[in-house]
1. Condition first: within 17 Å of Thr58 (Cα to Cα), small (Gly, Ala, Ser), crowded, with 22+ Cβ neighbours inside 10 Å and out of contact with any strand residue (DSSP E or B) (no Cβ under 9 Å at 6 or more places or on another chain). Can you find one or more residues in the stretch 95-111 that meet it?
2. Quick one: in the stretch 163-186, which of the residues that are more than 17 Å from Leu56 (Cβ to Cβ), among the aliphatic types (A, V, I, L, M) and surrounded by fewer than 13 Cβ atoms within 10 Å (Cβ to Cβ) is modelled with the lowest pLDDT?
3. Name the single residue that is farthest from the chain's Cα centre (by Cα) among those in the stretch 133-149 being of a type in the set (A, V, I, L, M) and open to solvent by less than 40 Å² (accessible area, probe 1.4 Å).
4. Mind telling me which of the residues Val120, Val53, Val66 ends up being surrounded by 19 or more Cβ atoms within 10 Å (Cβ to Cβ) and at pLDDT 95 or above?
5. Would you mind stating whether Gly125 is at pLDDT 95 or above, on the phi > 0 side of the Ramachandran plot, more than 18 Å from the chain's Cα centre (by Cα) and open to solvent by 60 Å² or more (accessible area, probe 1.4 Å)?
6. Could you identify the single residue in Ala85, Ala79, Ala152, Ala130 that is surrounded by 23 or more Cβ atoms within 10 Å (Cβ to Cβ) and either of a type in the set (A, V, I, L, M) or under 27 Å from Ala169 (Cα atoms) (or both)?
7. Note down all Cβ pairs under 7 Å where the first residue falls in the stretch 56-80 and is more than 13 Å from Ile126 (Cβ to Cβ) and without any contact (Cβ under 8 Å) to a residue 24 or more places away in the chain, the second is of a type in the set (Ser, Thr, Tyr) and open to solvent by less than 70 Å² (accessible area, probe 1.4 Å), and they're at least six residues apart or on different chains.
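The values are calculated or read from the model by the stated rules, or taken from the named source; none is laboratory data. Only a predicted model underlies this, so the values are computations on that prediction, with no experimental measurement involved. Methodologically, a virtual Cβ is constructed for each residue, glycine included, from the backbone with ideal geometry; neighbour enumeration extends over all protein chains shown. Calculation scope for accessible area: heavy atoms of the full protein, side chains included, ligands and nucleic acids excluded. Shrake-Rupley method; radii C 1.70, N 1.55, O 1.52, S 1.80 Å.
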Amino acid sequence: MTYKLNKPVVAALVCLIAALAFGAATASAHGGPPGGGGPGGHGRGGGPGGGSVSSLVTQAATSLGVTRTKLVSAIEDAATTRIDAAVDDGDLSSTRAATAKQEVQDNLNAAYSISETKTVASKLGITTAALNSGFKAARKAVATAQIDAELAAGDITATEAADLKAKLASATLPGYKGGLGLGFHP
C-alpha cells in the first residue's frame, strides 16, 4: 500500500530528521550513565526516514574532510573527557563512570549526547566554528537526501520537493549541538 504524504507532513518529517541529528537523548555525564540509542538501548540511531546520529556523523566527516573513524573517535574521547570531569567534580561515582564510558564506546548516540562541541573540535585540531560549519552542511545534506528519497518513492511531487529544498536552503540549521529545536528558522 502506498501512502501519499501532504506537504505539512513531509515538512514535519524533514524537521524531525534535523531534530534526530541532535541525538536521541540529551543526557549529560552529570545526570548519570547514558541510556538510549535505538531499540534495546544500543542502536546507533534511526527513526523516521532513516535520519540518525550515525548518518549525520558520516556526512559531517565528509564535510570536515576527515575520516568517519577520526570523527567518531573525537566524539567518543570528548564524551569520556566529560565523564572524567564529572567524576573529578564528585558528581559521578567511578562505578557509574565506568558504565557510562562503556556505553559511550558502544553507542554513538550516547557519545554524541555527552560530548561537548569545544572538546570535539579540539580533539580534531579545528575550531568550534569549523566543526559547527561542517555539521550544518551535513544536516542539510542529510535532509536533502531524505527529500530526494521521498520524491523517488512518489511520496511527494517534484514541486513539493523543490519547495522543501528551497526552505531547507534558507534554513538556519544548528551546528554540532543545537538542543532539541527543529532547526528551521525562516
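1. yes
2. Filtering first and then ranking leaves Ala169.
3. Per the criteria, the residue is Ile147.
4. Result of the check over Val120, Val53, Val66: Val120.
5. When the stated conditions are applied, Gly125 passes them.
6. Selected residue: Ala79, the only one of Ala85, Ala79, Ala152, Ala130 that is surrounded by 23 or more Cβ atoms within 10 Å (Cβ to Cβ) and either of a type in the set (A, V, I, L, M) or under 27 Å from Ala169 (Cα atoms) (or both).
7. Arg68/Thr58
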